Amino acid sequence: VEHKIAGKSLSLTGEILAKNEIDLAFRTDGKLIERLVSVGDTVTSGQTIARIDTQDAEDNFTSAKSNLSAAQAALAQAISNEARQKILLSKGVIANAKYEDATTQLQSAQAKVEGATASLNQAQNRLEYTNLQVDISGIITSINAEAGEVIKTGQVIMRVATDEGRDAVFNVPEQLFQNKPE
């Protein structure tokens, strides 16, 4: 038995990369006022990593709240009016058309309350979207925006490498695949 080298040795360079990287972006426009992490920082799910100016979102929220209050007041008045018209109709004091008008106004007021409630929920969401929170744990690998920049919806602010594992990535020349080493 003799010791022989079975083939040529081969040396390649490569790097260890995250298996998955996720881009993070705000869901609303605004001026970036604070970035709370830097490249290399470890983040956990639910952590706030950046903030944009909240003034516009707060104003929209206040406006939506006021619109809901006005719609609720109009609904209360429409309920009262419909009840009065119903009593008057039963006594034969008013025509059926007058009662139908009151019923239509009541339905319209109810729809306005529903619409105002939906607008308030949207305004609340926009206010919450001024804080960028990370959904997964990982490490910040890149920063694409700094405090003071005006950010557009969906603009990538940061990238996070998840804790889901790593891949070894090697740069293999094409000739190696064509001429396999012995």
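Across region 128-148, a minimum of one residue is classified as of a type outside the set (D, E, K, R) and without any contact (Cβ under 8 Å) to a residue 60 or more places away in the chain. Regarding region 103-110, can at least one residue be identified that is touching a Lys or Arg at 6+ places or on another chain (Cβ under 9 Å), farther than 19 Å from Asp23 by Cβ and open to solvent by less than 60 Å² (accessible area, probe 1.4 Å)? The answer is yes, given that some residue of region 103-110 is touching a Lys or Arg at 6+ places or on another chain (Cβ under 9 Å), farther than 19 Å from Asp23 by Cβ and open to solvent by less than 60 Å² (accessible area, probe 1.4 Å). Only a single item in (1) in contact with a Phe, Trp or Tyr (Cβ under 7 Å, 6 or more places away or on another chain); (2) loosely packed, with under 12 Cβ neighbours inside 10 Å; (3) polar (S, T, N, Q) is not met by Gln85, and it is number (2). Tallying residues that are closer than 28 Å to Glu58 by Cα and in a loop (DSSP other than H, G, I, E, B) within region 129-172 yields 15.
Per the listing Asn121, Asn131, the residue uniquely modelled with pLDDT of 95 or more, open to solvent by 40 Å² or more (accessible area, probe 1.4 Å) and touching a strand residue (DSSP E or B) at 6+ places or on another chain (Cβ under 6 Å) is Asn131. Just to verify a result, which residue in region 50-68, among those that are more than 26 Å from Val156 (Cβ to Cβ) and hydrophobic (A, V, I, L, M, F, W, C), is most open to solvent (accessible area, probe 1.4 Å)? Among residues in region 50-68 that are more than 26 Å from Val156 (Cβ to Cβ) and hydrophobic (A, V, I, L, M, F, W, C), the one most open to solvent (accessible area, probe 1.4 Å) is Phe61. Considering region 1-49, and only residues there that are open to solvent by 80 Å² or more (accessible area, probe 1.4 Å), over 30 Å from Phe170 (Cβ atoms) and in contact (Cβ under 8 Å) with a residue 12 or more places away in the chain, the residue that is farthest from the chain's Cα centre (by Cα) turns out to be Ile33. Answer yes or no as to whether Glu174 is open to solvent by 50 Å² or more (accessible area, probe 1.4 Å), more than 30 Å from Ala78 (Cβ to Cβ) and without any contact (Cβ under 8 Å) to a residue 60 or more places away in the chain. When the stated conditions are applied, Glu174 passes them.
Got a sec? Which of Ala64, Ala83 is touching a residue at least 40 places away in the same chain (Cβ under 8 Å) and part of a helix (DSSP H, G or I)?
Ala64
The values are calculated or read from the model by the stated rules, or taken from the named source; none is laboratory data. Being a predicted model, the structure only gives us computed values, none of them experimental. Quick reminder, even Gly has a Cβ in these numbers, built from the backbone with ideal geometry, and neighbours come from all protein chains shown. Calculation scope for accessible area: heavy atoms of the full protein, side chains included, ligands and nucleic acids excluded. Shrake-Rupley method; radii C 1.70, N 1.55, O 1.52, S 1.80 Å.
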